[in-house]
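Presented below is the structure to which this report refers.
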Amino acid sequence: MENSVDTQPLTNRARGSSGETIDVERLIAAFRRRMWLFLGVAGLIAAALMFVMLRQTPMYTATANVMINTRTEKVVDSQAVLSGLTADTGTVDTEVEILKSPQLAASVVEALKLDRDPEYNAALQSPGLIGSILGGKKAAPVAPGSAEAEKQAVIAAVGKQLTVRRVGLTYSITISFQSTSAMKSATIANAFADAYIRSQLTAKFDATRQANSFLNTRLDTLRTQLQEADAAVSNYRVANNLLSSEGTTLTEQEISAYNQQLAQARAQQAEDEARLRTARAQLAAGSNGDDVGEALSSQVVQNLRAQRAVVSGRVAEMSGRYGERHPDMVRAQRELADIDQQIQAEIRRIVSNLEARVRVSQQRTASVESSLGGARGTLAANSAASVHLKELEGNAEAARNVYQSFLDRYKQTGAQEGVEQADARVVSHAVPPTHQSSPNVMLALALSVIVGAGAGLAAIVIAEIMDAGLATSDDVERKIGLASVASIPLMSSVAEANERGIQPIDYVLRKPLSGFAEAFRSLRTSILYAVPGQQGKIVVLTSALPGEGKTTTSICLARVAAQAGSKVLLLDCDLRRRAVTRTLGLTPEKGLAEVLHGAASLESAVLLDQASGAYVLPLAHTASSTEDIFGLAAMDQLLARARASFDLVILDTAPVLALADTRILAGKTDLVVLLARWRKTPARAIGASVRLLQQANAQIAGVALTQVDMNAQSKHGYGDAGYYYDEYKKYYAS
């Protein structure tokens with residue numbers, strides 16, 4: 001039994017945390033049980049929050065919209081000094097931070113004189129109602145040394161009312177400003193947008209001016225360096241006779257001309273020699289000179305050939321009519337021979353002319369070669385000076401290139417000044433809002449209700465967590481791990497109004513069919529069948545703490561059992577309080593202590609409760625000694641005699657946590673019933689009592705809840721039979 005009691009709570013908790021589903025009815029029951037707490041906390045929090053929010057100064061929010069330009073106009077087709085923005089996510093987020101920057105806020109404060117506005121300058125604000133009540137005065141003028149601190153405070157106050165957001169993943173940025181004045185909110189929002197655009201233009205203007213200033217200063221230096229380099233080249237040319245025209249020296253130009261003339265002379269010589277060789281070769285081959293090229297192109301040879309052709313024609317004509325000796329024939333042949341001689345003479349003259357032309361070409365080539373050799377000698381003499389001249393010319397050319405590049409850039413930046421464009425533009429200006437943005441009455445109401453409800457639910461949760469008591473039989477099984485054997489109602493919750501003055505121990509006798517008496521019959525039944533296979537005869541009724549209704553329960557249980565026909569013995573075992581003896585109004589001379597010490601017999605000490613027929617073994621005197629009378633063998637003998645003589649023996653003992661007497665008795669009896677006051681006794685105290693009883697090898701039947709308010713239990717006690725009290729209470733007689 002010890003092991004089952006010890007492990008059952010752990011099993012239930014594990015199953016409740018992982019295997020069970022959420023019990024909605026249990027939550028509803030807890031909510032109903034704490035309804036007034038919920039309403040009180042929720043109403044208080046909601047009212048306070050609503051009051052605070054509605055007491056706020058009405059604020060208006062105006063919004064302007066700017067957009068980062070993804071396309072820019074090219075007024076001047078040249079590279080800008082300060083390049084435009086690259087339209088990517090990082091750039092847009094950076095521009096959002098620039099719009100939030102204190103520098104931009106400072107320019108707006110200065111432009112609109114916001115440092116003179118009490119809304120943003122705390123030094124100019126009046127103390128207000130609370131300040132006046134507390135005796136506050138208007139803030140003193142700011143000391144000269146703290147003017148900068150005041151300015152920074154104004155900038156910070158303006159920045160708190162500014163909201164800058166990027167619209168999704170677009171290049172659009174919204175600029176919202178909140179103020180107590182609708183017109184002021186629109187004005188300041190537009191001022192931020194305009195200041196942002198101006199800051200971009202100013203940055204480009206400043207960059208262009210700085211670039212122009214730098215380039216102008218640099219050009220002066222480069223111009224001087226170029227002049228010095230050119231002068232050095234000129235002076236060196238003059239000093240070394242290296243005058244040039246079109247980039248080359250005169251000697252080089254002369255050599256170039258000689259080279260051209262030499263090439264032409266050699267070509268002409270080669271041509272003339274070729275013609276001469278050809279003519280000689282033709283003549284040597286037996287030609288009469290008719291096929292010599294120059295002869296073919298000679299007008300004289302052509303005329304002679306024409307004459308010969310005419311004469312040859314006459315000879316051919318006369319040869320058919322006349323003989324060879326005919327005078328006309330002879331004359332014609334002589335004329336033909338004369339023409340042939342003239343042709344040969346002309347050919348010899350042409351060949352002689354070719355020979356003369358060859359000699360002239362050879363002499364011309366030799367002359368040009370001689371002049372070229374002289375020019376080359378002059379050039380070789382000036383070669384050392386030319387090397388240094390090239391170095392000077394290279395320096396001068398480099399200086400000229402640098403100067404020209406700076407001059408071109410200076411002209412470009414000068415042309416760009418005044419045509420710079422901002423990298424963003426205002427898409428829409430802010431307009432004065434027609435409705436206040438805060439406090440929003442509907443939002444404040446909704447928020448107050450939500451927060452109030454949340455606070456109320458939190459209060460319920462906290463109250464449930466802090467509620468260490470037991471309210472239902474389910475709580476007993478879940479928190480303690482023991483069975484719930486009974487729920488003893490609070491008599492005033494089940495009795496009629498005119499019966500509530502009756503003592504509970506008398507009420508069970510006067511109203512034996514009432515719900516109150518039925519609770520004790522239910523407890524008696526649980527005791528009888530608590531141990532399978534046997535009936536519990538000797539039962540200890542105890543509690544963890546005093547004031548649990550232990551004595552009242554013991555007396556009522558004894559009387560109800562006696563009325564049911566059982567022979568019942570009730571022992572007052574509370575040596576310190578003698579609660580049973582005092583409650584029944586007994587004044588015995590002999591009691592339990594005397595019986596255990598042998599000073600009296602059991603029969604002489606037992607008293608009969610005339611009202612019910614139950615027997616009572618009282619305590620004659622309060623025990624003040626430290627003697628352990630319950631540990632005596634006489635106590636064991638007494639219990640054995642009681643078991644044999646009575647159907648039910650009830651021991652009303654002291655609280656378990658208070659005295660050790662109860663643990664001694666618990667180990668000697670059949671059953672122990674722990675009583676716990678409904679929603680009052682801490683579960684930890686009951687758990688501690690269970691552990692102590694288990695150490696004494698007590699057989700714990702379970703826990704009985706006492707003083708249960710059935711009216712409250714029927715409304716909120718989900719998980720307990722009392723939850724259905726309204727449905728079955730009609731079975732009880734009033």
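Annotations
- Of all the numbered requirements in (1) assigned by TED's automatic domain parsing to the domain that holds GLY585; (2) surrounded by 16 or more Cβ atoms within 10 Å (Cβ to Cβ), ILE460 misses one, and that requirement is (1).
- Residues of segment 320-329 that are part of a helix (DSSP H, G or I) and loosely packed, with under 13 Cβ neighbours inside 10 Å: PRO327, ASP328.
- Restricting segment 50-67 to residues that are modelled with pLDDT under 85 and either within 25 Å of ASP194 (Cβ to Cβ) or touching a Ser or Thr at 6+ places or on another chain (Cβ under 6 Å) (or both), the residue that is surrounded by the fewest Cβ atoms within 10 Å (Cβ to Cβ): THR57
- Unique match (being under 26 Å from GLN269 (Cβ atoms), surrounded by 11 or more Cβ atoms within 10 Å (Cβ to Cβ) and at pLDDT 75 or above) among ILE347, ILE343: ILE347
- Boolean, LEU445 is modelled with pLDDT of 85 or more and surrounded by 15 or more Cβ atoms within 10 Å (Cβ to Cβ): no
- Candidates LEU596, LEU513, LEU523, LEU509 - the one that is touching a strand residue (DSSP E or B) at 6+ places or on another chain (Cβ under 8 Å) and either under 24 Å from LEU638 (Cβ atoms) or of a type outside the set (Phe, Trp, Tyr) (or both): LEU523
- Complete set of residues in segment 626-648 that are crowded, with 18+ Cβ neighbours inside 10 Å and part of a loop (DSSP other than H, G, I, E, B): PHE646
- Test: residue in segment 204-216 that is modelled with pLDDT under 90 and under 22 Å from VAL96 (Cβ atoms): yes
- Residues located in segment 504-563, provided they are crowded, with 19+ Cβ neighbours inside 10 Å, at pLDDT 90 or above and of a type in the set (Lys, Arg): ARG524, LYS550, ARG559
- The single residue among LEU651, LEU665 that is in a helix (DSSP H, G or I), assigned by TED's automatic domain parsing to the domain that holds GLY549, over 26 Å from GLN713 (Cβ atoms) and at pLDDT 90 or above turns out to be LEU665.
- The residue that is modelled with the lowest pLDDT, among those in segment 668-686 that are part of a loop (DSSP other than H, G, I, E, B) and over 17 Å from VAL580 (Cβ atoms), is ARG679.
- Filter result for SER473 (in the same structural domain as ARG582 (by TED's automatic domain parsing) and in contact with a strand residue (DSSP E or B) (Cβ under 8 Å, 6 or more places away or on another chain)): yes
- Every test in (1) modelled with pLDDT of 75 or more; (2) under 30 Å from SER361 (Cα atoms); (3) surrounded by 14 or more Cβ atoms within 10 Å (Cβ to Cβ) is passed by VAL311 save one, and that test is (2).
- Residue within segment 561-574 that is among the hydrophobic types (A, V, I, L, M, F, W, C) and over 19 Å from VAL539 (Cβ atoms) present: no
- For TYR410: the one exception among (1) surrounded by 16 or more Cβ atoms within 10 Å (Cβ to Cβ); (2) modelled with pLDDT of 80 or more: (2)
- Qualifying residue in segment 6-13 (condition: modelled with pLDDT under 70, closer than 30 Å to LYS204 by Cα and surrounded by fewer than 12 Cβ atoms within 10 Å (Cβ to Cβ)): no
- Some residue of segment 463-474 being outside any loop (DSSP other than H, G, I, E, B), free of Cβ contacts under 8 Å to residues at least 60 places away in the same chain and loosely packed, with under 15 Cβ neighbours inside 10 Å: yes
- Checked across segment 423-433, the condition of being at pLDDT below 85 and over 30 Å from LEU584 (Cα atoms) holds for at least one residue.
- Segment 120-132: number of residues that are at pLDDT below 85 and surrounded by 12 or more Cβ atoms within 10 Å (Cβ to Cβ): 7
The values are calculated or read from the model by the stated rules, or taken from the named source; none is laboratory data. Because the structure is predicted, anything quoted here is derived from the model rather than measured. As a convention, Cβ positions derive from the backbone with ideal geometry for all residues, glycine included, and neighbour counts pool all protein chains shown.
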